[in-house]
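For reference, the structure discussed in these notes is given below.
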Amino acid sequence: MLIPKQASKAWCGAFLVGSLALASCNQTFNTQINLIPEPSEMSISAGVFKIDSAGLFGNAGSKHVHFAVNPELSELPAEGYRLRIDGDGVQLDARTEAGLFYGKQTLLQLLTPEGLPYVDITDAPRFAYRGLHLDVSRHFFPKEEVMKIMNAMAYYKLNTLHLHLTDAAGWRIQIDKYPKLTSEAAYRTESDWRKWWDSSTDRKYLTEGTPGAYGGYYTKEDIRDILAYAKEKHINVIPEIEFPGHSEEVFIAYPELCCAGKPYTSSDFCIGNPKSFQFMEDVLTEVMELFPSEYIHVGGDEASKAAWKKCPKCQALMKREHLKDVNELQSYMIHHADSFLTSKGRKMIGWDEIMEGGLSPQATVMSWRGESAGFQTARMGQDVVMTPGNYLYFDFYQADPRKQPFAIGGYTPIRKVYSYNPLPADSLTAEEAKHILGVQANTWTEYITTPEHLEYMMFPRALAVAEIGWTPQDKRDWQDFKSRVNTQIPVLQKMGLNPFPLSYELDFSMDVDTANKQITVYLDAEKYPAEIRYTTDGSVPTSSSPLYQDGIIVKDSADIRAAIFEQGKLMGEPSEKRVDYHLGIGKSIHFNNRLYPGYMAGGEQALLDGYRGGLTYLDGRWQGYTDNLDCVIDLGETTELHSVSSRYMQLTGPWVYQPLYVELLISEDGKNFTSQGQIPTTISPDDAMLNFQTYTFNGDWKARYIQLKAKNQKGFIFVDEVVIW
Ligand code: ACM
């Protein structure tokens, strides 16, 4: 909880009311309330009501325990509740069953072996939609795993599970009218995505029952079991059936539904073929018979659209309907899905590509390629769920990629997830803001093969999403959240989950002060509490190294190494950061080559601002080029120089490669440059693991101008920072 740290300690009675209370307070008593999500209003008083779980949940209606749903409680929002615990006992009131359920989750989280702390809580969610998405196509997870995840979702007041049921990797739901979807398109030759998809030009699906086939699907009975379980947990399950892209598996079973009429030829439905529309309606009809969810997700993302450009049927439809391009063709199909679902009393939701070619009138958008599509949709007066990749993709790494199980890329540690605010002040008018329904994190499972790994990627990051979705923004604070989330690791383990235990790595942030020519380095840990010790000379810290308190000031250069210590022992591996307040900071820089506009992170000055890029090229420090880097730095006057270095990243998943070589040229007049040689990369372009190389030229020069060239070999070059001494 946020402010009343003191108060939260006070409720065991020990800290505020003196020795008498101390005598009655068990020394091992948990003295901090660690609710997640943090309630919207909570006050805590000294005292504990003695009760156990059986007394609490077995005796509702007794003298001391009152649980009540009262529809007349109009001051409470639908999912809200009021909970008072004092010397008289427990009083929990809500307007709806959902509210009562959430009040009970709060009670479960408050309950300790000693009883319940005295609290007065009035609580309701910030957003109605608080979701997790789960891709069961790339890897199939049995219904028991889905239920296990729902246990944790409910405990932290998440209320929506989005099941990605179909994709190229396998169709995962029984459809009676199209039995071949599961008999021919739910199994494949390989579980390993890198073997089956990334590096194979000959990937194959297998018929159900083939020995060694990998895959699976939910029968209708399985789906009913999942839905019955979800209902008990007040979780709405939204099914996603992909149209018109990401559908290779469908054409294994029903090749006539793609443009070429043959399997293994396209990812997209043939929109010019009326049978595609019949299929869509038939499948959605069976899906609606099973799922009570008002929202039905129809995908819409990443269609290739290539086949449509040449397909006579698609071209004829475009002509007939005056569709000017393939975006409008896709939109034609999605509009049809929208009308169909709306006519059945449901609502269509899709990924933000459904805006391309014209958004259909009742559609709700999931904004995944950043936030702007979401804000744009809200401004158009239509509903949105925010799920931007840079914050809320749980297939991204959550700690140093070099030390984690292989993932798709990216970098969304829990601190970053927690920092997300779906509705920053002033982003939308009050009326528009009503269209931001809430928030969802997505777990795509290309590289996640087991339930244990799935849980490791989802938890505890999902708890950050729970708090984003529930807690008022002004009550959210990372430092406070991290102290609570650390206490939840054993709780999640007790639920049978395999959470990431939070990292011993340290996060470095910097404050470059050009007035005083110094850099202050701040360290932060996910672990709490954390005794952080550091050195500035690159040596491994020991238990007698300086204790980190509130910033390390660097006037020139430092090789900071820092680590967390527990009982005098260094935990994990030390984290490192080189910091230089160097000669180039603030000097002017001219780029001879055009920059790739999407990655001018940090602005023109980013290479000379003292802030060094971290583990992800999306941290606002790295600059990306699809061309060669060619820049000239003007130091303002002839200067004695001894070293010029620049650092580059490689991450082949998103096409980021080391330069073939880096060349340094220097000049006194800005016209005549002399080369000081080239330094080649030592890293193979086939090295798929995140890596960094610093290219350092040493010498004794007098120069005013420094030119750096880095030769692009393919994809992107990412560079930061140029350090000049
Ligand atoms: C998505 O990540 N393709 C929605």
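The values are calculated or read from the model by the stated rules, or taken from the named source; none is laboratory data. Note that the coordinates shown come from a computational prediction; the quantities given were computed from them, not determined experimentally. Glycine also receives a Cβ, built like all others from the backbone with ideal geometry; neighbour counts cover every protein chain displayed.
If only one of Leu428, Leu463 is modelled with pLDDT of 95 or more and either crowded, with 24+ Cβ neighbours inside 10 Å or small (Gly, Ala, Ser) (or both), which one is it?
Working: Leu428 fails: either crowded, with 24+ Cβ neighbours inside 10 Å or small (Gly, Ala, Ser) (or both).
Only one candidate qualifies: Leu463.
Can you find, within the stretch 297-307, the residue that is farthest from Leu257 (Cα to Cα) among those that are within 16 Å of the ligand (Cβ to nearest atom) and of a type outside the set (Asp, Glu)? Walk me through how you get there before you give the answer.
At the first step, the residues of the stretch 297-307 found to be within 16 Å of the ligand (Cβ to nearest atom) are 297-305.
Pick out the ones that are also of a type outside the set (Asp, Glu) and you get 297-300, 303-305.
Values: His297: 20, Val298: 17, Gly299: 17, Gly300: 16, Ala303: 15, Ser304: 15, Lys305: 14 Å.
Here the answer is His297.
Which one of the conditions (1) assigned to a loop (DSSP other than H, G, I, E, B); (2) within 30 Å of Lys157 (Cβ to Cβ); (3) of a type in the set (A, V, I, L, M, F, W, C) does Ile296 fail to meet, given that it meets all the rest?
Going through the list (1) assigned to a loop (DSSP other than H, G, I, E, B); (2) within 30 Å of Lys157 (Cβ to Cβ); (3) of a type in the set (A, V, I, L, M, F, W, C), Ile296 breaks only (1).
Among the residues of the stretch 437-445, are any away from the ligand (no atom under 16 Å from the Cβ) and either modelled with pLDDT of 95 or more or within 16 Å of the chain's Cα centre (by Cα) (or both)? Please lay out each step first, then the result.
First, pick out the residues of the stretch 437-445 that are away from the ligand (no atom under 16 Å from the Cβ): 437-438.
This time we only want the ones that are either modelled with pLDDT of 95 or more or within 16 Å of the chain's Cα centre (by Cα) (or both), so: 437-438.
There is at least one residue in the stretch 437-445 that is away from the ligand (no atom under 16 Å from the Cβ) and either modelled with pLDDT of 95 or more or within 16 Å of the chain's Cα centre (by Cα) (or both).
For the stretch 195-227, what are the residues that are assigned to a helix (DSSP H, G or I), out of contact with any Pro (no Cβ under 9 Å at 6 or more places or on another chain) and of a type in the set (Asp, Glu)?
Step one: of the stretch 195-227, the residues assigned to a helix (DSSP H, G or I) are 195-198, 220-227.
Filter once more, keeping what is out of contact with any Pro (no Cβ under 9 Å at 6 or more places or on another chain): 195-198, 220-221, 224-226.
Residues satisfying the conditions are Asp198, Glu221, Asp225.
Somewhere in the stretch 338-358, is a residue farther than 29 Å from Met457 by Cβ, touching a helix residue (DSSP H, G or I) at 6+ places or on another chain (Cβ under 7 Å) and within 16 Å of the ligand (Cβ to nearest atom)?
The answer is yes, given that some residue of the stretch 338-358 is farther than 29 Å from Met457 by Cβ, touching a helix residue (DSSP H, G or I) at 6+ places or on another chain (Cβ under 7 Å) and within 16 Å of the ligand (Cβ to nearest atom).
I need the full set of residues from the stretch 304-348 which are farther than 18 Å from Gln382 by Cβ and touching a Ser or Thr at 6+ places or on another chain (Cβ under 7 Å), in order please.
Scanning the stretch 304-348 gives Ser304, Ala307.
Taking helices (runs of 4 or more DSSP H) that do not extend beyond the stretch 357-457, which have at least 2 residues that are within 30 Å of Gly215 (Cα to Cα) and of a type outside the set (Lys, Arg)?
On the way: elements: 372-379, 389-392, 414-418, 430-433.
Passing ranges, in order: 389-392.
I'd like to check something: does the stretch 623-638 contain any residue that is touching a residue at least 60 places away in the same chain (Cβ under 8 Å) and under 19 Å from Tyr411 (Cα atoms)?
Residues of the stretch 623-638 that are touching a residue at least 60 places away in the same chain (Cβ under 8 Å), as a first pass: 623-638.
Still in the running and under 19 Å from Tyr411 (Cα atoms): 623-624.
Within the stretch 623-638 (the criterion being touching a residue at least 60 places away in the same chain (Cβ under 8 Å) and under 19 Å from Tyr411 (Cα atoms)), the answer is yes, since at least one residue qualifies.
Which condition breaks for Val385 when tested against (1) within 16 Å of the ligand (Cβ to nearest atom); (2) closer than 22 Å to Gly469 by Cβ; (3) surrounded by fewer than 22 Cβ atoms within 10 Å (Cβ to Cβ)?
Answer for Val385: the failing condition is (3).
From the list Glu505, Glu573, Glu566, Glu531, pick out the single residue that is under 30 Å from Met458 (Cα atoms), in contact with a Gly (Cβ under 8 Å, 6 or more places away or on another chain) and among the acidic types (Asp, Glu). Step through it out loud before you land on a result.
Numbers: Glu573 fails: in contact with a Gly (Cβ under 8 Å, 6 or more places away or on another chain); Glu566 fails: in contact with a Gly (Cβ under 8 Å, 6 or more places away or on another chain); Glu531 fails: in contact with a Gly (Cβ under 8 Å, 6 or more places away or on another chain).
None of the others qualify; the one that does is Glu505.
Residue by residue, here is whether (1) acidic (Asp, Glu); (2) touching a residue at least 40 places away in the same chain (Cβ under 8 Å); (3) within 16 Å of the ligand (Cβ to nearest atom) holds:
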residue	(1), (2), (3)
Gly272	no, yes, no
Glu281	yes, yes, no
Leu290	no, yes, no
Glu294	yes, yes, no
Lys309	no, no, no
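Checking Thr122 against (1) surrounded by 24 or more Cβ atoms within 10 Å (Cβ to Cβ); (2) touching a residue at least 60 places away in the same chain (Cβ under 8 Å); (3) more than 24 Å from His297 (Cα to Cα), which single condition isn't satisfied?
(1)
In the stretch 153-169, is there at least one residue being crowded, with 18+ Cβ neighbours inside 10 Å, in contact (Cβ under 8 Å) with a residue 60 or more places away in the chain, within 20 Å of Leu463 (Cβ to Cβ) and polar (S, T, N, Q)?
As a first pass, look at the stretch 153-169 and keep what is crowded, with 18+ Cβ neighbours inside 10 Å: 153-169.
From what's left, in contact (Cβ under 8 Å) with a residue 60 or more places away in the chain: 153-169.
Remaining after also requiring within 20 Å of Leu463 (Cβ to Cβ): 153-162.
Filter once more, keeping what is polar (S, T, N, Q): 159-160.
Yes, the stretch 153-169 has at least one match.
Restricting attention to the stretch 361-374, and to residues there that are in contact with a strand residue (DSSP E or B) (Cβ under 7 Å, 6 or more places away or on another chain) and farther than 11 Å from Gly300 by Cα, which single residue is farthest from the ligand (Cβ to nearest atom)?
Our first condition is that a residue be in contact with a strand residue (DSSP E or B) (Cβ under 7 Å, 6 or more places away or on another chain); within the stretch 361-374, this holds for 362-368, 371, 373-374.
Narrowing the set further to residues that are farther than 11 Å from Gly300 by Cα leaves 362-364, 367-368, 371, 373-374.
Numbers: Gln362: 20, Ala363: 15, Thr364: 14, Ser367: 10, Trp368: 5, Glu371: 14, Ala373: 11, Gly374: 13 Å.
Per the stated criteria, the residue is Gln362.
Of everything in the stretch 393-415 that's aromatic (Phe, Trp, Tyr) and over 8 Å from the mean Cα position of the chain (by Cα), which residue is farthest from the ligand (Cβ to nearest atom)? Walk me through how you get there before you give the answer.
Within the stretch 393-415, the first condition is being aromatic (Phe, Trp, Tyr), and the residues that meet it are 393-394, 396-397, 406, 411.
Adding the requirement that they be over 8 Å from the mean Cα position of the chain (by Cα) leaves 397, 406, 411.
Values: Tyr397: 16, Phe406: 18, Tyr411: 16 Å.
In this case the residue turns out to be Phe406.
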